[in-house]
1. Output wanted: per-residue J couplings in Hz (rounded whole) for the range 6-11, from phi through Karplus 6.51 cos²θ - 1.76 cosθ + 1.60, θ = phi - 60°, x for Gly and Pro.
2. Using modelled backbone amide H atoms (1.01 Å from N, in-plane), which distant-in-sequence or interchain residues come within less than 5 Å of PHE69's amide H?
3. Tell me, in nm to one decimal, what length is gained between TYR89 and LYS30 on full extension, where the rule is 0.36 nm per residue of separation less the Cα-Cα distance?
4. How would you rank 1-11, 73-83, highest first, on the average number of other Cβ atoms within 10 Å across their residues?
5. For ILE9 and CYS38, what does the FRET efficiency come to when R0 = 30 Å and r is the distance between their Cβ atoms, rounded to the nearest 0.05?
6. Mind listing the long-range amide H neighbours of GLU15? Cut-off is under 5 Å, sequence gap 5 or more, other chains count too, H placed in the peptide plane at 1.01 Å from N.
Amino acid sequence: MQYGKAPGIDSSSVEHLPYGHSSLPVVLSKLFKLIFACDYVPSGFKQSYIVPIPKIRCCRTKAMTYHDFRGIAISPVISKAFKHYVFDYFQTFVCSNDNQFSFKKHSFNTNCS
């Protein structure tokens, strides 16, 4: 995850993870294991807020409508860390369709072996 991004709805940012208390990785590891063991995702992981970002095309020469914006969701940092943990853990077991190539690493090599 990149530094300098907007904080989530819980006011935590990516900088809290490496600069937090030394026990934070242990606590997060136990939390993630509990999530798997209990099959329950905390409700705070599901909360986010949407920020409208204007599209570049002609935004100064005409009145803007909702079509001239795209939204990005700002999610809590701990839920993003959990997502990365899950993706890294299950990456060898999951493959995607050859037609799905956008926003993927090694998008030209998507075949499952």
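Bear in mind these aren't lab numbers, they're just calculated from the coordinates by the rules spelled out. This is a predicted model, so every value here is computed, not measured. Note that we place each Cβ from the backbone using ideal geometry, even for glycine, and neighbour counts take in every protein chain shown.
1. Karplus-based 3J(HN,Hα) across the range 6-11 equals 5, x, x, 5, 8, 6 Hz.
2. LYS55
3. Details: separation 59, 0.36 × 59 = 21.24 nm, distance 1.52 nm.
Here the segment from TYR89 to LYS30 would lengthen by 19.7 nm.
4. Numbers: 1-11: 11.5, 73-83: 17.0.
The peptides rank, most packed first, as 73-83, 1-11.
5. Values: r = 23 Å, r/R0 = 0.76.
Using R0 = 30 Å, I get an efficiency of 0.85.
6. Sorted by chain and number, the residues that satisfy this are GLY4.
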